[in-house]
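First the structure, in the form of structure tokens, and then the observations on it.
The values are calculated or read from the model by the stated rules, or taken from the named source; none is laboratory data. In this text the structure is predicted, and so the values were computed from the model without any measurement. Positions of Cβ are generated from backbone atoms using ideal geometry, with glycine treated the same way; all protein chains shown enter the neighbour counts.
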Amino acid sequence: MSVIERMLRRDSASGPNGLVLAPMRKRDLKDGVLETESHAYPTPWSPRVFQSEIEQVGSGSRYYLTARRRSDGGRGRPTGPSIGHGGLWFTADEAHVTNIAVHPDARRTGVARALMIALADEAIRRECVAWTLEVRVSSTGAQGLYHEFGFVPAGVRKRYYDNVEDAIVMWCHDIQEGDYARRLDHLRGTR
Ligand SMILES: CC(C)(COP(=O)(O)OP(=O)(O)OC[C@H]1O[C@@H](n2cnc3c(N)ncnc32)[C@H](O)[C@@H]1OP(=O)(O)O)[C@@H](O)C(=O)NCCC(=O)NCCS
């Protein structure tokens with residue numbers, strides 16, 4: 001195994017469908033992340049916002065992943081641009097999902113589920129007891145995804161997005177418990 005292969009193995013986690021999840025680096029922005037982001041949100045994050053978030057990974061307050069496909073039917077090295085990304089912001093013993101986006105060409109193939117599983121694993125590893133997020137009222141697909149992970153609506157932030165659209169605040173508690181580990185194991189086995 002080459003040095004590069006060893007580094008890739010150390011830095012990445014295998015997902016389903018030949019996916020490789022790896023820590024987001026600044027160079028990933030022009031290699032798929034900004035492209036995916038531009039399709040995902042009416043007000044996408046700018047390169048500057050991503051750079052600032054990535055810079056905070058070192059202090060332990062953030063965690064960002066990209067998803068790429070493996071070549072060679074799932075066994076080869078990761079190839080092509082990032083097709084999805086997601087991230088967490090850690091506060092006290094809670095994790096906040098800051099972003100989760102998948103390129104339109106790659107949707108409904110389990111990429112977001114794989115990213116969410118990896119984010120959950122990291123939140124649990126960091127001893128978070130709960131995780132939370134905001135989602136657009138109109139993003140019913142994303143709400144379906146979050147429901148799978150045990151998120152339930154806990155409130156509404158009025159005109160949260162661009163002073164126009166409401167956000168549903170969702171929470172998922174007790175993520176250190178055995179029930180949650182079983183939920184994640186079930187999701188790991190999906191697809
Ligand atoms: C929401 C988003 C991240 C989902 O990504 P994805 O990779 O297509 O999701 P997955 O394939 O992992 O879906 C997992 C499950 O979530 C639910 N789901 C995801 N997208 C859905 C949709 N459009 N409609 C209904 N359910 C959906 C389903 O239960 C799905 O399981 P299934 O395909 O077996 O039925 C993607 O559509 C996206 O980037 N949207 C724009 C950005 C966005 O809204 N992000 C969330 C902001 S809070």
**Message:** Within the range 149-163, does at least one residue satisfy the condition of being farther than 18 Å from L88 by Cβ, loosely packed, with under 14 Cβ neighbours inside 10 Å and within 16 Å of the chain's Cα centre (by Cα)?
**Reply:** no
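Go through the residues of the range 168-191 one by one and say whether even a single one is of a type in the set (A, V, I, L, M), surrounded by fewer than 20 Cβ atoms within 10 Å (Cβ to Cβ), outside any strand (DSSP E or B) and in contact (Cβ under 8 Å) with a residue 60 or more places away in the chain.
yes
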**Asked** In this structure, is P44 within 16 Å of the ligand (Cβ to nearest atom) and without any contact (Cβ under 8 Å) to a residue 24 or more places away in the chain?
**Response** yes
**Prompt:** Is it true that G86 is within 14 Å of the chain's Cα centre (by Cα), buried (at least 18 other Cβ atoms within 10 Å of the Cβ) and at pLDDT 95 or above?
**Reply:** yes
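For the condition part of a strand (DSSP E or B), farther than 27 Å from E55 by Cβ and of a type outside the set (D, E), what is the one hit in G155, G80?
Step by step, each of G155, G80 is checked, and only G155 is part of a strand (DSSP E or B), farther than 27 Å from E55 by Cβ and of a type outside the set (D, E).
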**Message:** Condition first: away from the ligand (no atom under 11 Å from the Cβ), under 17 Å from A67 (Cα atoms) and not small (G, A, S). Now tell me which residues in the range 107-161 satisfy that.
**Reply:** L119, D121, E122
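Give the range 100-148 a look and list any residue that's part of a helix (DSSP H, G or I) and under 18 Å from G60 (Cα atoms), or say none.
Answer for the range 100-148, where residues must be part of a helix (DSSP H, G or I) and under 18 Å from G60 (Cα atoms): A118, L119, A120, D121, E122, A123, I124, R125.
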**Prompt:** Residues of the range 14-33 being at pLDDT 95 or above and either crowded, with 17+ Cβ neighbours inside 10 Å or under 14 Å from the mean Cα position of the chain (by Cα) (or both), which ones?
**Reply:** L21, A22, P23, M24, D28, L29, G32, V33
**Asked** Given the conditions (1) closer than 23 Å to V169 by Cα; (2) surrounded by 19 or more Cβ atoms within 10 Å (Cβ to Cβ); (3) among the small types (G, A, S), and given that A67 satisfies all but one, which numbered condition is not satisfied?
**Response** (1)
